[in-house]
Amino acid sequence: MSLRFHWSLSRVGDNLRGAKPMAEQTGLLSFDAQVEFCRRAEECGIESVLMAFSFTRPDPVLLSMALGMKTHSLKYMIAIRSGVISPTLFVQQINTIAALTNGRVCLNIVTGHTPHELGYYGDFLPHDERYARMDEFLSICRDLWRGDAEVNFSGKYYRIEGAKVNLPFVAPDRKSPEIFLGGNSEQADQLAIKHADCHWRFPSAPEKLKPRVSSIIATGTEVGLLVSMIARPTREEALQDAAALIGKAGTKAKEFQRQALSKSDSVGIKTNFWLAENGESDWLTPCLWTGAIPYLGAPAIALVGSHDEIAAAMLEYKAIGVSQFLLMGWPDLEEMTIFSREVLPRVRAMESQANLSDEVFLRKIS
C-alpha cells in the first residue's frame with residue numbers, strides 16, 4: 001500500500017502562529033489565501049487538509065463547506081470534539097457537506113488538550129472522561145451512518161431516543177466518513193482501535209515507535225504520523241533554515257509555549273516538550289528534530305534534511321507499519337510545493353523499488 005499524505009491548514013496565512021500568545025491569535029485569516037492553498041494542495045497530490053478546532057480559528061465545519069465549493073478533489077479533515085455538539089446534529093452536518101461535495105469530507109477526532117479552553121465551550125470533563133464521552137459520541141454517530149434503524153442510546157453522557165437522519169452520507173466509495181483519531185495516550189490508542197480507520201500520533205525514533213504501531217495495526221487500524229517538515233536540496237540548507245526558523249520565532253515564543261504547556265493535559269504535547277527539553281540532543285534520529293518545539297509547540301517536531309533524506313525517513317516509518325502522514329511546514333504553501341516536486345516523487349520511486357524487490361524475492365521462493 002502506498003503512503004498517503006495530508007496537510008494541515010492550521011498555519012496557512014499565519015506562518016509563525018505558534019510563536020504568538022493565544023490572546024493574539026485570530027481566526028480572521030484570508031479566505032483567498034486558504035482557497036489558493038487548497039487548490040495548490042489538489043495540484044500537489046495532497047489527499048486532504050486538516051481543519052483544526054480552536055477558539056482562535058473559524059468554525060471548521062463552516063470553513064470546510066466554503067472551501068469545498070471552491071475546489072474539486074481535495075477532502076476536508078474536520079476536527080471535532082464531542083463536548084460541543086450533539087452527535088445527531090453533527091452527523092447531519094457532515095452528511096450535508098458530503099452531499100454537496102460528493103463525499104469530500106473526513107473526520108479528525110480530538111478530545112481537546114487545554115482544560116481552561118474547553119471550559120469556553122462548557123466542557124469541564126477531565127482527560128480520561130473526555131475519551132469515555134467520545135466513545136459514546138462515536139458509537140451513536142456510527143449507528144446513525146449505518147442508517148438501518150432508529151438509534152436509541154442511553155449512556156453516561158448521552159441519551160438518544162428514536163434518532164434518524166434522513167440525509168445519508170453520500171460518497172462514491174463509502175457510506176460513512178473516514179475517521180482519524182489523534183492522541184498519544186493509551187486511551188487514545190484504545191479509542192482509535194475501536195472507532196477509527198487511522199490513529200494519528202506524534203513521531204519518535206522508528207525503533208521506539210514500532211511496538212506501539214505493531215499493536216495497533218494488528219487490530220486493523222492504520223497508524224499515521226503528525227509531523228512538520230523542512231526539506232531542502234542539501235542537509236546543510238535544511239539545517240540553516242531550521243536555525244533561521246528559531247531566530248524568527250524569537251525568545252519570547254518560548255515563554256508563550258511554557259505558559260501553554262502548563263495549562264495542557266495532553267500526553268502527546270507533554271511528551272514532545274519533555275523530549276525537546278530533556279533529551280541529550282535535539283535529534284531523535286538523523287532527520288527527526290525537536291529543536292523548534294519549545295518555540296512553536298508540540299506539532300513543530302519536524303523531519304529535517306535533504307529531499308533524499310526526508311523520503312528515506314518516511315520509508316523507514318512505512319517499514320514499521322506507518323501508512324499515512326499529516327504534514328506541516330514554514331510557510332506551508334512553499335513547503336508543500338517542495339514536498340510535491342522533490343520529496344513525493346522520491347517516495348514513490350522508493351516504494352516502487354521496494355515492491356519490485358518483494359516480487360523478485362517471491363518469484364525466487366515460489
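When you scan region 63-83, how many residues do you find that are in a helix (DSSP H, G or I) and in contact with a Gly (Cβ under 8 Å, 6 or more places away or on another chain)? So the answer is 1. When residue 81 is tested against (1) within 18 Å of residue 142 (Cβ to Cβ); (2) modelled with pLDDT of 95 or more; (3) buried (at least 18 other Cβ atoms within 10 Å of the Cβ), exactly one condition is not met: (2).
So, in region 326-366, of the ones that are at pLDDT 85 or above and not in a helix (DSSP H, G or I), which residue ends up nearest to the chain's Cα centre (by Cα)?
Among those that are at pLDDT 85 or above and not in a helix (DSSP H, G or I), it is 326.
Could you say whether any residue in region 268-284 is out of contact with any Pro (no Cβ under 6 Å at 6 or more places or on another chain), in contact (Cβ under 8 Å) with a residue 60 or more places away in the chain and not in a helix (DSSP H, G or I)? Looking for residues that are out of contact with any Pro (no Cβ under 6 Å at 6 or more places or on another chain), in contact (Cβ under 8 Å) with a residue 60 or more places away in the chain and not in a helix (DSSP H, G or I), one finds at least one in region 268-284, hence yes. Looking across region 250-281 at every residue that is exposed (fewer than 14 other Cβ atoms within 10 Å of the Cβ) and among the basic types (Lys, Arg), the one that is farthest from the chain's Cα centre (by Cα) is identified as 252.
Under the condition of being crowded, with 20+ Cβ neighbours inside 10 Å and of a type outside the set (A, V, I, L, M, F, W, C), which residue from region 319-334 is nearest to residue 42 (Cα to Cα)?
So, considering only residues that are crowded, with 20+ Cβ neighbours inside 10 Å and of a type outside the set (A, V, I, L, M, F, W, C), the one nearest to residue 42 (Cα to Cα) is 332.
Can you tell me which of 181, 167, 209 is buried (at least 19 other Cβ atoms within 10 Å of the Cβ), closer than 18 Å to residue 85 by Cβ and not hydroxyl-bearing (Ser, Thr, Tyr)? The match here is 181.
Where residues in region 121-164 are of a type in the set (S, T, N, Q) and loosely packed, with under 14 Cβ neighbours inside 10 Å, which of them is farthest from residue 268 (Cα to Cα)? Applying the filter and picking the extreme gives 152. Before we move on, is residue 247 assigned to a helix (DSSP H, G or I), at pLDDT 85 or above and loosely packed, with under 12 Cβ neighbours inside 10 Å? The answer is yes for residue 247.
Examine region 19-33 for a residue that is in contact with a helix residue (DSSP H, G or I) (Cβ under 7 Å, 6 or more places away or on another chain) and either at pLDDT 95 or above or of a type in the set (Asp, Glu) (or both), and state whether such a residue exists. Checked region 19-33: no residue is in contact with a helix residue (DSSP H, G or I) (Cβ under 7 Å, 6 or more places away or on another chain) and either at pLDDT 95 or above or of a type in the set (Asp, Glu) (or both). If you scan region 217-232, which residues turn out to be more than 14 Å from residue 179 (Cβ to Cβ), touching a residue at least 60 places away in the same chain (Cβ under 8 Å) and not charged (D, E, K, R)? Once the filter is applied, which keeps residues that are more than 14 Å from residue 179 (Cβ to Cβ), touching a residue at least 60 places away in the same chain (Cβ under 8 Å) and not charged (D, E, K, R), region 217-232 yields 217, 225, 226, 227, 228, 229, 230, 231.
Take the conditions (1) touching an Asp or Glu at 6+ places or on another chain (Cβ under 7 Å); (2) of a type outside the set (A, V, I, L, M); (3) free of Cβ contacts under 8 Å to residues at least 12 places away in the same chain; residue 178 misses just one of them, which is (3).
Condition check ((1) in contact with a Lys or Arg (Cβ under 8 Å, 6 or more places away or on another chain); (2) in a helix (DSSP H, G or I); (3) over 24 Å from residue 324 (Cα atoms); (4) not β-branched (Val, Ile, Thr)) across all residues:
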{"site": "38", "(1), (2), (3), (4)": "yes, yes, no, yes"}
{"site": "50", "(1), (2), (3), (4)": "no, no, no, yes"}
{"site": "53", "(1), (2), (3), (4)": "yes, no, no, yes"}
{"site": "56", "(1), (2), (3), (4)": "no, no, yes, no"}
{"site": "61", "(1), (2), (3), (4)": "no, yes, no, no"}
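Going residue by residue through region 253-274, is there one that turns out to be in contact with a Ser or Thr (Cβ under 6 Å, 6 or more places away or on another chain) and farther than 30 Å from residue 130 by Cβ? There is no residue in region 253-274 that is in contact with a Ser or Thr (Cβ under 6 Å, 6 or more places away or on another chain) and farther than 30 Å from residue 130 by Cβ. Selection of first residues in region 42-54 that are in contact (Cβ under 8 Å) with a residue 60 or more places away in the chain and buried (at least 23 other Cβ atoms within 10 Å of the Cβ) and of second residues that are of a type in the set (Gly, Ala, Ser) and in a strand (DSSP E or B), restricted to Cβ pairs under 8 Å at least 6 apart or on distinct chains, gives the following pairs, ordered by first then second residue: 50/8; 50/79.
Filtered by the rule that a residue be surrounded by fewer than 17 Cβ atoms within 10 Å (Cβ to Cβ), within 19 Å of residue 77 (Cα to Cα) and free of Cβ contacts under 8 Å to residues at least 40 places away in the same chain, region 1-31 gives 27, 31. Selection over region 250-266 of residues that are without any contact (Cβ under 8 Å) to a residue 40 or more places away in the chain and either among the charged types (D, E, K, R) or not in a loop (DSSP other than H, G, I, E, B) (or both) gives a count of 4.
Inspection of region 233-244 finds no residue satisfying the criterion of being closer than 21 Å to residue 116 by Cβ, among the charged types (D, E, K, R) and surrounded by fewer than 19 Cβ atoms within 10 Å (Cβ to Cβ).
Condition check: more than 22 Å from the chain's Cα centre (by Cα), under 15 Å from residue 107 (Cα atoms) and not polar (S, T, N, Q). Does residue 170 satisfy that?
For residue 170, the condition - more than 22 Å from the chain's Cα centre (by Cα), under 15 Å from residue 107 (Cα atoms) and not polar (S, T, N, Q) - is met.
Residues that are buried (at least 23 other Cβ atoms within 10 Å of the Cβ) and assigned to a helix (DSSP H, G or I) within region 212-226 are absent altogether.
The values are calculated or read from the model by the stated rules, or taken from the named source; none is laboratory data. Here the structure is a predicted model, which is why all the values come from computation and not from measurement. Here Cβ is always computed from backbone atoms with ideal geometry, including for glycine, and neighbour counts include all displayed protein chains.
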